[in-house]
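This report concerns only the one structure given below.
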Amino acid sequence: MRCVTPALEPLRRIAAYAVCSNQTGNVLLVRASPRSGTPGVWSLPGGAVDHGEHPSDTVVRETAAETGLSVSVARVRDVVADMRALPHRGITLHTDRLIYDVTVRGGTLLDRVGQPTDLVRWHDPRQLAGLPLRPFTAEVLGLAPGVDLRPEEPPELPSFYAVPGPDGLHRAQRFAAYAVATDPAGRLLLTLIAAGYPGGGRWHLPGGGTEYGEQPGVALIRELAEETGQLGELVELLGVASHRDAASLGPEGYPIDWHGVRAFYRVAVGQPTVPWVWDAGGSTAQARWFAPADLADLPVTEVTAEAVRAAGLG
């Protein structure tokens with residue numbers, strides 16, 4: 001079903017969800033209540049990432065609230081994005097969803113009353129195909145996803161909003177995808193952040209904010225080509241970083257309470273070339289290949305250091 005939604009306000013959010021199985025292999029799901037926009041539909045437990053919160057902490061918090069169970073995070077499984085038209089709310093919503101595998105530490109299943117979810121149950125995987133599932137939940141569980149109500153065309157929207165916060169500062173939450181890109185010789189591709197931008201003078205991973213309606217992997221390969229001139233292939237998701245700078249000063253000239261959530265992937269560049277910066281004069285000053293031994297002496301960003309460790313390169 002297609003829906004023309006030119007009057008709907010475009011919004012973005014970041015959310016995190018738990019994939020949890022018990023000893024018999026049943027999967028934990030929660031049901032949307034009549035208070036939600038999808039009453040009666042089952043989903044993975046989880047929800048929106050609060051400003052400044054690491055998505056793995058969101059999973060623990062939301063799972064406890066929706067199910068009564070205390071869980072620990074084992075690993076990040078996947079990152080997906082989807083777009084939904086919500087005419088009853090007057091919005092079109094793009095959600096970047098971080099999916100984590102979790103294990104139960106304790107607690108007791110607890111249904112809720114008067115909340116966006118009202119039931120929590122363990123479900124036999126063989127019976128999941130007969131349940132009304134949110135499309136992203138079906139996809140994560142290996143089932144054919146249904147179709148959310150979508151706008152005909154993705155609206156144009158910056159990769160983040162800056163909105164007034166309770167402390168008077170504008171705040172922004174931004175999702176981005178970055179590449180730990182290596183060539184056959186084992187060199188690592190890095191970009192230098194231009195002066196005047198947050199992190200200016202430090203070396204960073206190629207990548208950036210995803211566009212509205214865009215999948216993270218697609219965005220990353222596009223950004224890699226635009227930023228460095230390299231053609232890459234996604235290999236695996238390495239991890240997710242979360243960083244908050246409560247008073248970041250950017251080229252706009254005023255402080256922003258900035259929260260970045262960044263997925264970083266291993267990317268193979270099979271035929272490397274001399275890197276070049278397509279968007280000259282922007283936030284990227286230059287791009288270069290580095291041998292792993294060179295990394296110890298480089299000033300790098302926090303997410304770069306975390307991603308390089310996750311990839312086993314430093």
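For a Förster distance of 30 Å, can you work out the FRET efficiency between the beta-carbons of ALA291 and LEU231, rounded to the nearest 0.05? E between ALA291 and LEU231, to the nearest 0.05, is 0.90. At GLU9 and GLN271, where each label point lies 7 Å from the Cα along Cα→Cβ, what is the point-to-point distance in nanometres? Placing both labels 7 Å beyond Cα along the Cβ direction yields 4.8 nm.
Each residue of region 121-133 is assigned a 3J(HN,Hα), and the resulting list reads 8, 8, 10, 5, x, 5, 9, 5, 4, x, 9, x, 10 Hz, derived from the Karplus form 6.51 cos²θ - 1.76 cosθ + 1.60 (θ = phi - 60°), x at Gly and Pro. Using just its DSSP H runs of length 4 or more, each adding -39500 (n - 2.57), the chain gives a mean residue ellipticity at 222 nm of -4000 deg cm²/dmol after division by all residues. Looking at the chain, the DSSP beta bridges with both ends there are about 65 percent antiparallel.
Note that region 301-309 has calculated 3J(HN,Hα) couplings of 6, 4, 5, 5, 4, 5, 5, 5, 5 Hz, one per residue in order, obtained from phi through the Karplus relation 6.51 cos²θ - 1.76 cosθ + 1.60 (θ = phi - 60°); glycine and proline are x. Each other residue within a Cβ distance under 13 Å of ASP57 adds +1 if Lys or Arg and -1 if Asp or Glu, for a net charge of -1. So if we plug the beta-carbon distance of LEU313 and GLN115 into 1/(1 + (r/R0)^6) with R0 = 41 Å, what FRET efficiency do we get, rounded to 0.05? FRET efficiency, LEU313 to GLN115: 0.40.
Compute the length gained on full extension between ASP57 and ARG35: take 0.36 nm times their separation in residues and subtract their Cα-Cα distance, giving the result in nm to one decimal.
Numbers: separation 22, 0.36 × 22 = 7.92 nm, distance 2.48 nm.
Length gained between ASP57 and ARG35: 5.4 nm.
Near the amide H of VAL19, within less than 5 Å, lie the amide hydrogens of TYR100, ASP101, VAL102, all on another chain or at least 5 residues away, with H placed in the peptide plane.
Using a 10 Å cut-off on Cβ atoms, rank the peptides 168-180, 208-220 from the highest mean neighbour count down. Numbers along the way, then the final one.
Numbers: 168-180: 21.8, 208-220: 20.1.
Taking the mean over residues of other Cβ atoms within 10 Å, the ranking is 168-180, 208-220.
From the P(r) of the chain, can you give the percent of Cα pairs sitting at distances over 29 Å?
41 percent
Taken along the Cα-to-beta-carbon direction at a fixed 7 Å, the label points for SER21 and TRP278 span 4.0 nm. Modelled spin-label separation between HIS243 and ASP101, with each label point placed 7 Å from Cα along the Cα-to-Cβ direction: 2.8 nm. A cut-off of 5 Å between modelled amide H atoms, ignoring neighbours fewer than 5 places along the same chain, links ALA81 with ARG97.
Here, each number is a calculation from the coordinates, and none is a lab measurement. Remember, predicted model here, so these are calculated numbers, not experimental data. As a convention, Cβ positions derive from the backbone with ideal geometry for all residues, glycine included, and neighbour counts pool all protein chains shown.
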